Structure formats: C-alpha cells, structure tokens
1. At a 1.4 Å probe radius, carbon and sulfur cover how many percent of the accessible area of the stretch 33-118?
2. Leaving out ligands and nucleic acids, and using a 1.4 Å probe, what accessible area per residue does the stretch 77-119 come to in Å²?
3. For the stretch 79-181, which chymotrypsin sites (Phe, Trp or Tyr not before Pro) pass both filters: DSSP loop (anything but H, G, I, E, B) and at most 13 other C-beta atoms within 10 Å?
4. Throw me the Rg/Rh for the stretch 33-185, computed over C-alpha atoms with Kirkwood Rh, two decimals.
Amino acid sequence: MLSVKQYLIPPLLFLPFTLLARETTYQNKAIRLEGNDNYLCMGMDIIREQWTLEAWVKGENGWKETEVIIGGGEYSNLSYVDPLVLVIKNGRVTSEKAGIQSNTILDDKWHHIALSCDGKTIRLYVDGRMEASREFVTAILPGVLGAHMDTVNTYCGLLDEVRIWSAAIPAKILQEWKSRPLQSTHPFIQKLEAYYTFDEEIDDTVINWVGKGHLSYHIRNVRNQRERGKRLAYTVPADNPHFAYPGQEQALFNAVVIDSEWDVAPRVPGTTRF
C-alpha cells in the first residue's frame, strides 16, 4: 500500500482507480465547530434528482432554533437548489425545502442522521430509522459544513463521517454501514462523491477521501469574521460508542490527491499538512 504522506508532495496528482492507504497509526477523530463563525467550505457541484447525505453529529450547549449541518453556501442561490440541505431545528433533523422533520429530538449524545432523494421521494433518517418522508424532488449543492452563508445558524458541536452520494442509499445499507468506515465492498461505492472522516490533523484543509472529478472537494477551514486569536475548526478524539474501526488501513478510491487547491501557505518540506 502507498502512504498518504509520500504522495502529498506533488501539487496535483491524478491516480484513477489507485488505492491509497491511511497510515497505520490513526485515531478516530471528529471536527469541532463552535457555533459562532467558523465553518468548512466544500465547493461541490450541484447533485440532481438522486442523492444521499449522511453524518454523525453530537450537539453542544443545547440546540438553537436552527443549526445548519450541510448548507449550500454562496453559490446556491438558485430556485431549483435547496440552500439549507440538512439542518437541525430545535433538536429535530429537518429538510426545509421538503417540509419534513424527525419525530426524534436529538439530545447531546452522538446520532447518525441522513437524508436521501430517489428522484421521487425524500426520506429522513435518524440512527438508521426512517422518521419522515415526502414525495418531493430537489437538487442540492452541498457547499458548506456547519453553516450556510452567515453566522446566525452555525452548528455548535462535533461532526464526523460526512458522506455525500449521488444515489439514494437504501435504509438497509445506511443501517449496515453507518457505524463503520467505508470500504470498497460498499454496494454504492462508485456513487460516493465526498467522504470526510476528519481523522487527520487539520489546519487550512480537510481531506476528501474520494476526490472524484475535476475538483477534489477538499474542505477549506475558515472563519467568517477572521477574528484575531480565534482558532479555526479543529479535531478532537471522537468518543462515539456506536462507531468502531475494524483495525485495518482504509483506502481511497478513484482519487485525486493534492497538496492544497486553496490559496494557503505552501507545505514545508519534510512535514505534512494533514
């Protein structure tokens, strides 16, 4: 297997259908967002008709009226695109454009949430259970994690294992795979558009472990106000009792690996950014 560190030196390296493994020493981590003005920009393309969004969330300090888990960002101001793709309103997982929300009110523990569209019906899941559905179709532009475009509805808490698919993942498959890392044996692996595990140390960017397409959709770690002395989003050990690693390296699939696609300071030779 090839080491990730070995192949972060070139500015842009295309490796179609090549497997890249994480280093053997890793720890399950999650990203922490403080609910003020820090968030993560993805910059993905529009996904139409069929898609699935899923993530593990652990809220902190109670739930605000609205907290955005996945928002569209500044490029989602289109009538056929849902700008507030996946939100939590007063503790209930919500799809605003579809007009549905969960019966379950989330507490301060870890919960797996998911939203899917099969081209006819949108379905909402909490911890593997379907809690709401509606015959409705919308395109999505998953542009930002933890916010939309402002600092009003930012998410406060931990976020982990964000997966974005260009297919409607069935309930049985969601249930089977929500508590373990993705592998090539997942039946919809070719429809995986973005996968953020947050298990690497981060500074400016976060690795997308798929990296399909003309952009790799690595995440940019930013603050809206860029206040002096305040840190960006950062990783912490994930204390999720429902998620377990299998004790083996995890691979990338059909990957584009880059040092950085953003305008940030260059990597110092002999070190790794991630």
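The values are calculated or read from the model by the stated rules, or taken from the named source; none is laboratory data. Everything numeric here is computed off the predicted structure, so don't read it as measured data. With ideal geometry, Cβ positions are generated from the backbone for all residues, glycine too; neighbour counts draw on all protein chains shown. What goes into the accessible areas is simple: the full protein's heavy atoms, side chains included, and nothing from ligands, DNA or RNA. Shrake-Rupley method; radii C 1.70, N 1.55, O 1.52, S 1.80 Å.
1. Ligands and nucleic acids excluded, carbon and sulfur reach 43 percent.
2. Per-residue accessible area for the stretch 77-119 comes out at 40 Å².
3. When the chymotrypsin sites (Phe, Trp or Tyr not before Pro) of the stretch 79-181 are filtered for loop state and at most 13 Cβ neighbours within 10 Å, 80 remain.
4. Here Rg/Rh amounts to 0.93.
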